[in-house]
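The values are calculated or read from the model by the stated rules, or taken from the named source; none is laboratory data. Source: prediction; values computed, not measured. Because the Cβ atoms are built from the backbone with ideal geometry, glycine has one as well, and the counts that use them run over all protein chains shown. Side chains are part of the model used for accessible areas, which takes the heavy atoms of the whole protein and leaves out ligands, DNA and RNA. Shrake-Rupley method; radii C 1.70, N 1.55, O 1.52, S 1.80 Å.
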Amino acid sequence: MGRNLAHQFLNSQHRHILITITLIAALIALFASFSAAAESSPWLLRVGAHNVAPKSDNHSIVEVDDATMLTFNLTRFLNEHWAVELLAAAPFKHDIDLVSGGKVAETKHLPPTLSAQYHFNPGGKIRPYVGAGINVTLFFEEDTTGVLAASDLSLDTSVGAAAQLGMDFDITEKLFVNAEVRYIQIETKAKLDSTSLGDVEIDPWVFGVSLGLRL
């Protein structure tokens, strides 16, 4: 029994590590392919940090704390104003507390988000944009503690809409700083042992600052 549980845990670990490596490898491959492009290259790369701040009333029993992590995104312009962006990140780690107080669990998640964007001032030094798309949030390493230490917590994958408002500020012809805010619909079904806890509505506001590069 112990060996089977250990084997399942390792398989889960390997699966989520593989997802992260695949996303990073895709971004690196795209960067390598287009890093030697001319100044008119349609590609932008941003690396920074985002804070995921869940709404306060996640669930009647538990609430999810905020978390900050390294993020990176790649943007590909389709024409002067329209672009497509992929957001990825290192795994976020969130504490889960009882509404009445006290930590009872923690979880990690990966939040890949694909968005279509409209850029209002593509030739300027300050370039605002808006975007909308889809988010897939993959939860893993759900660990319980405190009064739930002997229980098994599981959280389902979430698929939801995402919206963003951002702005790029030029530093040089190639480098720029980015600030943005996003709203993401994240809702997961929680299960404790064999008992369903219903939906946990996380629905966070996400605030980010990044350093960008025209590839």
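Brief remarks on what is shown
- Any chance I134 is free of Cβ contacts under 8 Å to residues at least 40 places away in the same chain and either farther than 22 Å from E187 by Cβ or among the β-branched types (V, I, T) (or both): yes
- Scanning the stretch 69-86 for residues that are within 10 Å of the chain's Cα centre (by Cα) and without any contact (Cβ under 8 Å) to a residue 40 or more places away in the chain returns M69, L70.
- Listing of strands (runs of 3 or more DSSP E) fully contained in the stretch 140-215 that carry 2 or more residues being open to solvent by 30 Å² or more (accessible area, probe 1.4 Å), in contact (Cβ under 8 Å) with a residue 60 or more places away in the chain and closer than 22 Å to K125 by Cα: 205-214
- Residue check for N58: in a loop (DSSP other than H, G, I, E, B) and free of Cβ contacts under 8 Å to residues at least 12 places away in the same chain: no
- Criterion (farther than 14 Å from V62 by Cα and not basic (K, R)) met by exactly one of G166, G198, G146, G102: G166
- In this structure, H50 does not qualify as modelled with pLDDT under 90, in contact with a Leu (Cβ under 9 Å, 6 or more places away or on another chain) and not β-branched (V, I, T).
- Selection of the stretch 125-170 for residues being under 17 Å from D95 (Cβ atoms), of a type in the set (S, T, N, Q) and under 16 Å from the mean Cα position of the chain (by Cα) yields only T137.
- Within the stretch 88-102, the residues that satisfy the criterion of being touching a residue at least 60 places away in the same chain (Cβ under 8 Å) and crowded, with 16+ Cβ neighbours inside 10 Å are A88, P91.
- Counting only residues that are open to solvent by 20 Å² or more (accessible area, probe 1.4 Å) and assigned to a loop (DSSP other than H, G, I, E, B), the stretch 106-139 holds 6 of them.
- For L110, the test of being touching a residue at least 60 places away in the same chain (Cβ under 8 Å) and either in contact with a strand residue (DSSP E or B) (Cβ under 9 Å, 6 or more places away or on another chain) or basic (K, R) (or both) is passed.
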